[in-house]
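Novice: Please see the structure below; I have some questions.
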Amino acid sequence: MSVTKELAELVKNAEIRLGMTLIPPKAASSRASVEIRAGVQVAPGFSDGCETAFFLGKESPDRLLHKTDVKLTPTGQACAAFKWTPAGLSGKHDIVAVSRADGRTWRASQELTILPADSISTGLIGGAFWGFLHWSEREGRLWNRDLQRFTHDDWQQLVQAQHELGMDIIVPQEAFRNQEYAGKHRIERDGYKGLAFYASDLYPGRMSIGCADPLEAVFSAADRLGMHVFAPTGLYAWFDFSPASLEWHKRVAEELWNRYGHHPSFYGWYVSEEVGGNLGDSAPRREEIVAFFREFQPWCRAMAPDKPVMLASNCHDVPSALKYYPELLAHLDILCPFAFQRMPEGDLTGREAAQLLQGLCDEAGSHLWMDMEAFGFCPDMALYPRAMSEIAEEIETFSYFEKVICYQFPGIFNPPSGRIKPGGNATVELYQQYREFYRNKLAGLTDNMTGTKDAGALACEPVRA
């Protein structure tokens with residue numbers, strides 16, 4: 001259903017849609033600044049304003065976290081949001097949103113586990129990227145042939161396996177495969193020739209894999225497990241944020257929302273193109289990426305006002321683009337950079353790059369997550385699982401990130417019970433080793449949990465986003 005048709009249905013039913021999103025979702029450090037959003041969508045003319053209140057645990061005055069009036073756009077959308085640091089709280093809590101308009105009331109809730117911590121990091125991996133088939137045959141040599149044989153059930157079992165490690169966020173890397181690069185293709189002249197991983201109505205080409213719609217397999221399994229999945233809006237062409245790419249992304253984002261937006265696990269949009277920490281090799285490229293997100297984020301919010309947009313960049317040469325980061329981050333909800341452990345000679349250290357990016361995100365009100373590389377390179381550049389000791393050390397070293405998303409789960413982690421084990425025995429060993437790490441770490445954290453606090457614990461002041 002298109003945005004226009006959906007609003008028509010709201011007009012017909014005189015209804016409101018209330019969505020709720022936590023950034024980060026599922027689990028957060030007691031020192032993290034959690035953004036809590038309620039996305040309101042009503043029929044145009046049904047109301048021009050909406051009062052929204054947020055409560056901890058139950059709807060009562062002594063549990064009030066934040067209250068605000070929001071003005072709806074002409075097409076009937078608004079997002080009530082605030083940031084909250086849950087210092088002094090730990091355990092599982094329900095965050096409840098209550099919206100009122102024209103004498104009617106709607107409610108939504110999300111569960112959040114607050115983990116006691118000394119930094120904004122939980123000290124755990126919170127999710128993983130998924131490549132349904134690795135884009136590079138060389139890098140994916142150890143697993144691509146096996147992933148190509150995965151069925152709907154195999155993908156769903158892998159979702160279950162990831163959930164058992166507490167990695168409750170899934171970021172599919174791409175919805176389309178198109179090995180073209182910015183400035184080196186002729187898509188505008190010759191047309192888009194990319195191949196879809198699902199039954200797209202926009203383009204006829206399909207990837208040759210054993211599962212007709214791995215996205216549906218992931219979303220539906222994640223629904224049952226209370227997990228969160230980004231819709232992978234890409235790939236047009238690597239590093240391409242041109243006006244033509246923007247229009248392509250808008251069409252694909254709308255199709256993904258129409259096709260998968262009914263899933264409770266639909267968390268937001270991931271733009272697949274990636275970019276260097278310098279945001280491009282020239283001022284025009286940097287201006288393009290800023291213009292791209294200035295328009296793309298509002299486009300997505302018109303469909304689902306509360307859902308975030310995320311981009312993965314590397315963390316190299318960040319100082320050269322300091323002029324452009326503030327405006328980019330003003331229109332980007334989550335930046336998820338990678339490659340901190342392999343900084344180029346003469347660049348900042350990984351720690352320095354993380355601290356610089358965190359400061360930029362804080363100033364813009366956006367979120368900094370980490371794309372942690374759970375792989376190493378064979379001599380022929382094939383990817384293989386890193387040692388668990390190295391992963392644990394990196395988690396400990398980089399405590400600046402409210403959420404760590406590893407690259408990647410398929411081909412790097414496999415449960416012993418898997419029918420097919422892409423990447424071989426080393427992936428099973430890493431899965432078992434991380435499972436032990438996760439359980440021991442979580443046991444240590446939960447020993448210090450205090451459970452639901454009384455109203456006195458709400459002394460921390462919410463900050464308007």
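The values are calculated or read from the model by the stated rules, or taken from the named source; none is laboratory data. Worth saying up front: this structure is predicted, and the values here are computed from it rather than measured. Neighbour counts are summed over all protein chains in view; Cβ atoms, including those assigned to glycine, are modelled from backbone coordinates with ideal geometry.
Novice: Mind checking which strands (runs of 3 or more DSSP E) fall wholly inside segment 345-415 and carry at least 3 residues that are touching a strand residue (DSSP E or B) at 6+ places or on another chain (Cβ under 7 Å), in the same structural domain as residue 332 (by TED's automatic domain parsing) and of a type outside the set (D, E, K, R)?
Specialist: On the way: elements: 370-373, 375-377, 383-385, 404-407.
Correct list: 375-377, 383-385, 404-407.
Novice: Related question: If you check residue 213 against the conditions, is it within 17 Å of residue 129 (Cβ to Cβ), within 23 Å of the chain's Cα centre (by Cα) and among the charged types (D, E, K, R)?
Specialist: Judged against the criteria, residue 213 is not a match.
Novice: Would you be able to say whether some residue in segment 169-181 is surrounded by fewer than 21 Cβ atoms within 10 Å (Cβ to Cβ), among the small types (Gly, Ala, Ser) and at pLDDT 95 or above?
Specialist: Within segment 169-181, not a single residue is surrounded by fewer than 21 Cβ atoms within 10 Å (Cβ to Cβ), among the small types (Gly, Ala, Ser) and at pLDDT 95 or above.
Novice: In this structure, is residue 225 modelled with pLDDT of 95 or more and either closer than 16 Å to residue 197 by Cβ or touching a Phe, Trp or Tyr at 6+ places or on another chain (Cβ under 7 Å) (or both)?
Specialist: Here the answer is no, as residue 225 does not meet what is asked.
Novice: Counting only residues that are part of a helix (DSSP H, G or I) and of a type outside the set (A, V, I, L, M, F, W, C), how many does segment 329-344 have?
Specialist: Going through segment 329-344 one residue at a time, the tally reaches 2.
Novice: Considering only segment 264-294, how many residues are assigned to a helix (DSSP H, G or I), under 19 Å from the mean Cα position of the chain (by Cα) and surrounded by fewer than 18 Cβ atoms within 10 Å (Cβ to Cβ)?
Specialist: 1
Novice: Go through segment 118-130 and give me each residue that's part of a loop (DSSP other than H, G, I, E, B) and buried (at least 19 other Cβ atoms within 10 Å of the Cβ).
Specialist: Across segment 118-130, the qualifying residues are 120, 121, 122, 123, 124, 125, 126.
Novice: Additional query: Which numbered condition trips up residue 176, out of (1) over 28 Å from residue 370 (Cα atoms); (2) of a type in the set (A, V, I, L, M, F, W, C); (3) under 24 Å from the mean Cα position of the chain (by Cα)?
Specialist: Residue 176 satisfies every listed condition except (1).
Novice: Could you tell me which of the residues 136, 242 is surrounded by fewer than 16 Cβ atoms within 10 Å (Cβ to Cβ) and farther than 17 Å from residue 421 by Cβ?
Specialist: Of 136, 242, the one residue that is surrounded by fewer than 16 Cβ atoms within 10 Å (Cβ to Cβ) and farther than 17 Å from residue 421 by Cβ is 136.
Novice: Name every residue in segment 416-442 that is among the aliphatic types (A, V, I, L, M) and either modelled with pLDDT of 95 or more or not assigned by TED's automatic domain parsing to the domain that holds residue 374 (or both), in order of residue number.
Specialist: Answer for segment 416-442, where residues must be among the aliphatic types (A, V, I, L, M) and either modelled with pLDDT of 95 or more or not assigned by TED's automatic domain parsing to the domain that holds residue 374 (or both): 420, 426, 428, 430.
Novice: Considering only segment 224-237, how many residues are closer than 17 Å to residue 269 by Cα and not in a loop (DSSP other than H, G, I, E, B)?
Specialist: Number satisfying all stated conditions: 6.
Novice: Ok, one more. Can you name every residue in segment 137-179 that is closer than 19 Å to residue 205 by Cα and among the polar types (S, T, N, Q)?
Specialist: 148, 173, 178, 179
Novice: Moving on. Test residue 143 against the stated conditions and say whether it is in contact with a Pro (Cβ under 8 Å, 6 or more places away or on another chain) and under 23 Å from residue 384 (Cβ atoms). I'd like the intermediate steps shown before the answer.
Specialist: Details: in contact with a Pro (Cβ under 8 Å, 6 or more places away or on another chain): yes; under 23 Å from residue 384 (Cβ atoms): yes.
Yes; evaluated as a whole, the condition is true for this residue.
Novice: In segment 17-33, which residues are more than 25 Å from residue 100 (Cα to Cα) and either assigned by TED's automatic domain parsing to the domain that holds residue 395 or polar (S, T, N, Q) (or both)? First the steps, then the outcome.
Specialist: If we filter segment 17-33 for residues that are more than 25 Å from residue 100 (Cα to Cα), which is where we start, we get 24, 26-33.
Within segment 17-33, 29, 30, 33 meet the criteria.
Novice: Let me ask something additional. When only residues in segment 69-95 that are among the polar types (S, T, N, Q), part of a loop (DSSP other than H, G, I, E, B) and under 29 Å from residue 303 (Cβ atoms) count, which is modelled with the highest pLDDT?
Specialist: Looking at residues that are among the polar types (S, T, N, Q), part of a loop (DSSP other than H, G, I, E, B) and under 29 Å from residue 303 (Cβ atoms), I get 73.
Novice: Residue by residue through segment 143-155, note down the ones that are farther than 12 Å from residue 209 by Cβ and surrounded by fewer than 21 Cβ atoms within 10 Å (Cβ to Cβ).
Specialist: Across segment 143-155, the qualifying residue is only 153.
Novice: State which residue is farthest from residue 308 (Cα to Cα) when the search covers only segment 238-262 and only residues that are among the hydroxyl-bearing types (Ser, Thr, Tyr) and assigned to a helix (DSSP H, G or I). Walk me through it before giving the result.
Specialist: Step one: filter segment 238-262 for residues among the hydroxyl-bearing types (Ser, Thr, Tyr), giving 242, 245, 260.
Among the residues that remain, those that are also assigned to a helix (DSSP H, G or I) are: 245, 260.
On the way: 245: 19, 260: 16 Å.
Selected residue: 245.
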